[in-house]
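In what follows, a structure is listed as structure tokens, so that the remarks can point back to it.
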Amino acid sequence: MQLKHKFILPAAIALFCASSVWADEPSSAQPAESSLFQRAASSAQAAVSSTSSGINAMVEKSMSFLGIRYRYGGNGPEAGGFDCSGLVKKVFGEALGVNLPRTAVEMARLGDKVNGVQDLKPGDLVFFNTMRRAFSHVGIYVGDNRFIHAPSTGNVVRVEDMDSDYWRSRFNGARRLVSDAQAADLPQSVRDAAAARINANAASAGAAANNNPSPSANQ
């Protein structure tokens, strides 16, 4: 019995010392404090739990703002309209309870990078270089190569086709705030609504929309 204690005590001391060294060793991969952007991304991932219902709600919420006019610095209808990042912030806040940063540039630091247009999923944030600077415009991808956004002064919140020459040439990348498993395809009814809105935009805007497509620089 004394022999057993003789070996157990040194082993326990050695294990305690080793664990203390590991715990005190700084890790370059994990900073001491999470940044605002890391916390916001974590909040977004937590808000959309184990199903795509949160994504559906977010896209449907964004559709409820169709037709609201663009207003520089605007955060919603009560403020007289939206600018692009104001719309995104409002949708994420009301649909998911997520408080995103206010500008497109800040939003571009959140979540995970999407490799390309071919990998986009509904709910991804899509960014465009519209003012000769990266991430100067943001919208929400709604599937089928379409996104919803607040375009520019004189226009309204609308759905547009990313395959158009204007947007394709200015596409600046995308970020995903939810995991791949959660960013599932939308129900056909939501996809049909987006398609219908594309057609309505084309019919009502016509050449005027093409002459003034560029969003405001300030988000």
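Annotation for region 191-201: no member residue is touching a Leu at 6+ places or on another chain (Cβ under 7 Å), modelled with pLDDT under 95 and assigned to a loop (DSSP other than H, G, I, E, B). Only residues in region 49-73 that are small (G, A, S) and buried (at least 17 other Cβ atoms within 10 Å of the Cβ) count as the first member; pair them with residues that are at pLDDT 95 or above and not in a loop (DSSP other than H, G, I, E, B), Cβ under 6 angstrom, at least 6 apart or cross-chain, and list the lot. Taking only residues 6 or more apart or on different chains, the pairs are S62/V91; S62/I140; S62/I148. Report whether or not T130 is β-branched (V, I, T), surrounded by 18 or more Cβ atoms within 10 Å (Cβ to Cβ) and farther than 15 Å from F147 by Cβ. It is false that T130 is β-branched (V, I, T), surrounded by 18 or more Cβ atoms within 10 Å (Cβ to Cβ) and farther than 15 Å from F147 by Cβ.
Total residues in region 116-144 satisfying the condition of being under 18 Å from R170 (Cβ atoms) and not in a strand (DSSP E or B): the figure is 13. Taking the criterion of being in contact with a helix residue (DSSP H, G or I) (Cβ under 8 Å, 6 or more places away or on another chain) and either on the phi > 0 side of the Ramachandran plot or at pLDDT below 95 (or both), the residues of region 65-78 that qualify are G73, G76. The set of residues in region 90-115 being surrounded by fewer than 16 Cβ atoms within 10 Å (Cβ to Cβ) and either in a loop (DSSP other than H, G, I, E, B) or touching a His at 6+ places or on another chain (Cβ under 9 Å) (or both) consists of G97, N99, R109, N115.
The values are calculated or read from the model by the stated rules, or taken from the named source; none is laboratory data. This structure is a prediction, so every number in the text was calculated from the model and none was measured. Cβ sites come from the backbone with ideal geometry, for glycine too, and all protein chains shown count toward neighbours.
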